[in-house]
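Beneath this line is the structure, given in structure tokens, with notes to follow.
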Amino acid sequence: MPTVIIGSGTMGSGIAEVIVARGGSAVLVDPDASARERAQVRIAKNLSRSFEKGRLAERAEDCLARLEMSGTAPVDGVEWVIEAVPENVQLKQRLFGELDAQYPETVWLASNTSSIAIGRLQSRTRHPERVGGLHFFNPVPRMQLVEIIRGLETSEDYLAAARTLTERLGKTSVVVPDRPGFLVNRVARSYYLEALRMVDEGEAPMAVVDEIMEGAGFPMGPFRVMDLVGVDVNLSVTQSVYEQTYYDERYRPHPWQEDLVERGYWGRKSGRGFYRYE
Ligand code: NAD
């Protein structure tokens with residue numbers, strides 16, 4: 001049965017890539033034709049590289065034969081729908097209302113949201129028990145962890161089905177509560193925000209902070225992670241956690257983030273973020 005993925009950006013295309021690489025089939029849905037094209041090129045390139053490096057037993061063309069790109073979501077014969085549209089509450093709430101009306105109640109609906117409470121999405125559905133979070137990390141093919149988010153009404157059957165799906169994709173899953181930032185993104189806020197404050201206050205240069213944190217065993221320094229994730233995505237997650245904790249000081253976004261986002265310095269994807277890229 002194909003998995004339908006809504007949104008063919010960084011995360012949606014990564015999830016689709018992993019599904020077809022592990023023998024499953026996927027329909028990647030995006031109303032933006034150019035986004036679909038970019039996703040298809042990216043997935044094909046990654047799969048070819050994995051095959052050449054011996055990480056994939058099957059040829060890229062064979063995996064790609066199980067991937068369909070579409071402007072609209074198919075309904076028949078679907079087991080899972082995974083949403084990966086931009087981090088915007090109104091957009092996601094509207095979409096979950098539509099998905100819930102469109103799909104029979106036996107179809108599982110998941111959001112890949114980084115920070116939006118699953119309860120806010122469940123509140124727009126008639127069958128909230130089949131709704132939960134499947135929080136994959138970036139880049140999806142490389143990152144092992146998936147947070148399974150249990151909303152107030154998410155059923156035990158949903159959690160079991162989510163564990164089966166993540167195992168099939170070769171991922172390690174952990175069930176986390178439906179609280180702002182869930183687990184990883186809540187703890188990680190301090191990693192980014194404290195680093196932003198230290199550098200902005202002149203206590204240490206940016207590259208030094210990154211180097212020292214990497215030297216201390218973190219795989220990537222905070223500024224390099226923000227550039228990889230997307231400065232815009234990172235800011236919207238921070239804003240969302242800040243708002244949902246009733247403006248807890250600990251999660252207050254830093255003006256430097258807003259400044260870069262306004263200028264279009266969104267990180268690697270735009271060629272410049274905290275650092276410059278070729
Ligand atoms: P992105 O901006 O790269 O991609 C979003 C895609 O959704 C775009 O291609 C856009 O055309 C499409 N889209 C917009 N409206 C749509 C609609 N109504 N129907 C279908 N497609 C639509 O975003 P992303 O970085 O892939 O993030 C997607 C989600 O995953 C967000 O909720 C984000 O918080 C979460 N997330 C992101 C990361 C990350 O590191 N980027 C990590 C984990 C989770």
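Nothing in this text is a laboratory measurement; each read-out follows from the coordinates by a stated rule. Bear in mind the structure is a predicted one, so any value in this text is a computation, not a measurement. Using ideal geometry, Cβ is built from the backbone for each residue, glycine included, and neighbour counts are taken over all protein chains shown.
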| Over its Cα atoms, what ratio of radius of gyration to 2.2 N^0.38 Å does the range 9-158 give? | 1.05
| Near the amide H of Arg272, under 5 Å away, which other amide H atoms are found, from residues 5 or more places off or on another chain, if H is placed in the peptide plane? | Trp266, Gly267, Tyr277
| said: Just to check I understand the Karplus step: with θ = phi - 60° and J = 6.51 cos²θ - 1.76 cosθ + 1.60, what whole-Hz values come out for the range 62-67, glycine and proline as x? | reply: 5, 5, 5, 5, 9, 10
| message | Test of the criteria: in the range 220-278, which chymotrypsin sites (Phe, Trp or Tyr not before Pro) are in a DSSP loop and have at most 12 other Cβ atoms within 10 angstrom of their Cβ? | response | Tyr246, Tyr247, Tyr277
| field | Nearest 10 degrees, 0 to 90: helix 10-21 Cα axis against the chain principal axis | value | 50 degrees
| Angle between the chain longest axis and helix 156-168 axis [Cα atoms, degrees, rounded to 10] | 80 degrees
| query | Which semi-axis lengths, in whole Å and largest first, follow from the square roots of five times the eigenvalues of the Cα gyration tensor of the range 186-268? | reply | 20, 15, 12
| message | I'd like to know which of Leu67, Gly221, Asn112 lies farthest towards the positive end of the charge dipole of the chain, counting +1 on Cβ of Lys and Arg and -1 on Cβ of Asp and Glu. | response | Leu67
| message | Please list, ordered by chain and number, the residues whose modelled amide H lies under 5 Å from the amide H of Thr3; skip anything fewer than 5 residues away on the same chain. | response | Ser25, Ala26, Val27
| If you line up the long axis of helix 231-244 against the longest principal axis of the chain, both from Cα atoms, how many degrees apart are they, to the nearest 10? | 90 degrees
| query | Given the convex hull of the Cα atoms of the chain, what is a quarter of its surface area in nm²? | reply | 14.8 nm²
